[in-house]
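Shown next, in C-alpha cells, is the structure this report addresses.
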Amino acid sequence: MLTPAVSEDLSQLVQLDAGGQRSREPLFGLDAEALAARMVEAGEPAWRGRQLAEALYRQRVAEIREITTLPKVLRQRLDAEGWRVNRPEIVQVFQSADGTERYLVRCQGGDRLTVETVWMPEGDGGETGDGSDADGVETLRAPSIPLLSEVEGSASFNAEWVGNHEPQKATICVSSQVGCAVNCQFCLTAKLGLQRSLTAGEIAGQVVAVLARHAVEVGRDRVNLVFMGMGEPFLNYDNFMAAVRLLVREVGLSPQRMTVSTSGIVPGIERFAAEPPELRPKLAISLNAPNDTIRGEIMPINRKWPIKAVVDAVRQVQLRPRERITFEYVLLGGVTDRPEHAQEVAHLVRRTGLPAKVNLIAWNPGPGIGYSTPQPEAVEAFRKTLTDGGIPAYLRKPRGRDIYAACGQLKRTVEG
Ligand code: SF4
C-alpha cells in the first residue's frame with residue numbers, strides 16, 4: 001500500500017502522463033551527478049543519486065523495485081512516477097564453437113532497434129603487445145554457462161547468470177551506432193547504412209549487460225573493451241566519450257583496458273587528443289591499406305581524410321608511458337596482402353615516428369562482399385616482413401566466424 005502522500009504525488013503524475021506532458025528519460029546512462037539532480041527534483045537528498053549509481057552500475061540492478069538500498073516506499077514512488085532503469089537488454093544469444101558469444105542487444109529507445117555486441121573469452125590476440133595482456137592476473141577457466149543457441153528474447157528470459165568464481169579473461173566488442181555510414185567495402189555492417197547513433201546509455205549498457213551475464217568482477221577479472229563493433233565511434237563522439245566516462249567513473253573499468261578504433265575521422269581524432277589521459281581509451285587506426293590509392297578504393301573515407309592527415313592528427317595524442325598506437329590492417333586476398341604491400345606498411349608506420357604496433361586481421365567472409373580470405377602463408381609472410389622491419393605485428397585470431405561474430409561480420413540480426 002502506498003502512503004497517502006505518495007498517492008497524492010501519484011495522481012498528479014498520472015494526470016501529467018495522461019496529458020502527454022511528461023515522459024521520463026531512462027535512469028541508465030545518467031552519471032551519479034545527473035542522478036543526484038533527478039533525486040533532488042524528486043524531493044530527495046542528493047546522496048540518493050550516488051546510491052542509484054551504485055545500484056545501476058556496480059550492482060547491475062536492472063529494475064527499480066530491486067534496488068534494495070533505497071527505501072521501499074521510494075522505489076514504489078519512483079516506479080509510479082514513471083522512472084525506469086531501462087538498461088539495454090540482451091534479447092538473443094549466438095554461441096560459437098570457440099566460446100565466443102554474439103548478442104543482439106535491444107536499445108533503450110522507443111524504436112526498439114537492436115545492435116550487436118560480442119564476448120570473446122581469452123580475447124582475440126588484438127590485446128597482445130599493448131600492455132593490457134600482461135598484468136599477471138591468472139588465466140581464465142571458462143565460466144560454466146549453460147549452452148544456449150539463439151535464445152529468443154522474452155520477459156522470462158534472464159540474461160544474467162551467476163558464473164563461477166575463477167578470474168575471467170575476455171574482450172568485449174562494443175557497438176557505437178546502429179549500422180554505419182562509413183561504407184568500408186569489406187565490412188558487412190556497412191551494408192546496413194547508418195540507422196542511428198547510440199546514446200551513452202546504449203553504449204555503456206551493452207557492456208554492463210554482458211558483465212552481468214558473465215558475473216564479471218571488476219578489478220579481479222581481466223576484461224578488455226574494444227569499441228570496434230557496429231558503427232564509427234568518432235561519428236558519434238559525444239555519446240561515445242560520455243559512455244567511456246560512465247564506464248570508467250561509475251562502472252569502475254580502466255581506460256587502459258579500452259581501445260577505440262576509428263576509420264580515420266580527423267576532427268574526432270583531434271578532439272580525442274584533447275581528452276584527459278585518465279579518461280581516454282587507447283587509440284587504434286583502421287588502416288587496412290598500404291597507400292592512399294588502395295585505401296581510397298576500399299575505404300571511401302580516405303578520399304576525405306587521406307593517410308597523412310590521419311597520422312598528423314594521431315601525432316597530437318599524448319601517449320601514456322608504454323602506450324602504443326595500433327594500426328589495424330585487414331588483409332584482403334590479392335588486394336592488400338602482397339609482399340610489396342607489407343614493405344610499404346612497414347615503411348609507412350616507421351615514417352610516422354609513433355610508438356606503434358600493427359594488428360593483422362585475415363578478412364572474414366561475408367555474404368555479398370566480393371573479396372577473398374588471404375592464404376595463411378601470405379598472412380604469415382606479411383607479419384614477418386613487418387617484424388623484420390622492426391614493427392611489432394600480431395595476428396588477430398578470427399573469433400566466432402561460425403556465428404558471424406568475427407571482425408567485420410556484424411550485421412544486425414533481425415530480432416525474432
Ligand atoms: S569497418 Fe567500421 S567504420 Fe568501416 S563500415 Fe564497418 S563498422 Fe563502419
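Compute, for region 275-416, the length of the dipole vector about the Cα centre, with Cβ point charges of +1 (Lys, Arg) and -1 (Asp, Glu) only. Units Debye, rounded to 20.
Around 360 debye, computed over region 275-416.
With r defined as the distance between the Cβ atoms of ARG245 and ARG350 and R0 fixed at 35 Å, what FRET efficiency is calculated, to the nearest 0.05?
Plugging the Cβ-Cβ distance into 1/(1 + (r/R0)^6) gives 0.50.
Using amide H atoms built 1.01 Å from N in the peptide plane, name the residues 5+ places from ALA362, or on other chains, whose amide H lies under 5 Å from its own.
Here LEU331, ARG396 satisfy the definition.
If one puts a single equal scatterer on every Cα of region 328-396 and applies the Debye formula without solvent, what log₁₀ I(q)/I(0) results at q = 0.15, 0.20, 0.23, 0.24 Å⁻¹?
Debye curve over Cα of region 328-396, log10 I(q)/I(0) at q = 0.15, 0.20, 0.23, 0.24 Å⁻¹: -0.44, -0.74, -0.93, -1.00.
Working out 0.36 nm times the residue gap between GLN195 and ARG65, then minus their Cα-Cα distance, what length gain in nm do you get to one decimal?
Net length gain for the segment: 43.5 nm.
What is the fewest-to-most order of LEU348, LEU360 by other Cβ atoms lying within 10 Å of their Cβ?
Ordered from fewest to most neighbouring Cβ atoms within 10 Å, LEU348, LEU360 come out as LEU348, LEU360.
Multiplying the sequence separation of ARG303 and ARG58 by 0.36 nm and subtracting their Cα-Cα distance, what value in nm do you get?
The ARG303-ARG58 span can extend by a further 83.8 nm.
Starting from the Cα gyration tensor of region 226-291, take the square roots of the eigenvalues, sort them a ≥ b ≥ c, and report rounded, prolate or oblate (rounded when a/c is under 1.5, otherwise prolate if a/b is larger than b/c, else oblate).
prolate
What number in nm² do you get for region 73-113 if you take the convex hull of its Cα atoms and divide its surface by four?
Taking the Cα atoms of region 73-113, their convex hull projects to 4.1 nm² on average.
Charges on Cβ only, +1 for Lys and Arg, -1 for Asp and Glu, centred on the Cα centroid of region 288-416; of VAL379, THR352, ALA289, which one is farthest towards the dipole's positive end?
Selected residue: THR352.
Taking the Cα atoms of region 356-400 alone, what are Rg (to one decimal) and Dmax (as a whole number) in Å?
11.9, 37
Compute the length gained on full extension between ASP79 and ALA46: take 0.36 nm times their separation in residues and subtract their Cα-Cα distance, giving the result in nm to one decimal.
10.0 nm
What do the square roots of 5 times the Cα gyration tensor eigenvalues come to for region 260-416, in whole Å, largest first, as semi-axes of the equivalent ellipsoid?
Result for region 260-416: semi-axes of 25, 20, 15 Å.
With labels modelled as points extended 7 Å from the Cα through the Cβ direction, what inter-label distance (nm, one decimal) is found for LEU319 paired with ASP111?
3.8
With the crude spin-label approximation of a point 7 Å out along Cα→Cβ, what separation in nm comes out for VAL218 versus ASP292?
Each label point lies 7 Å from its Cα, and together they span 4.3 nm.
Bear in mind that the values in this text are calculations on the coordinates, not laboratory data. Note that the structure is a prediction, hence the values are computed from the model and not measured. Please note: Cβ atoms are built from the backbone with ideal geometry, for glycine as well, and neighbour counts cover all protein chains shown.
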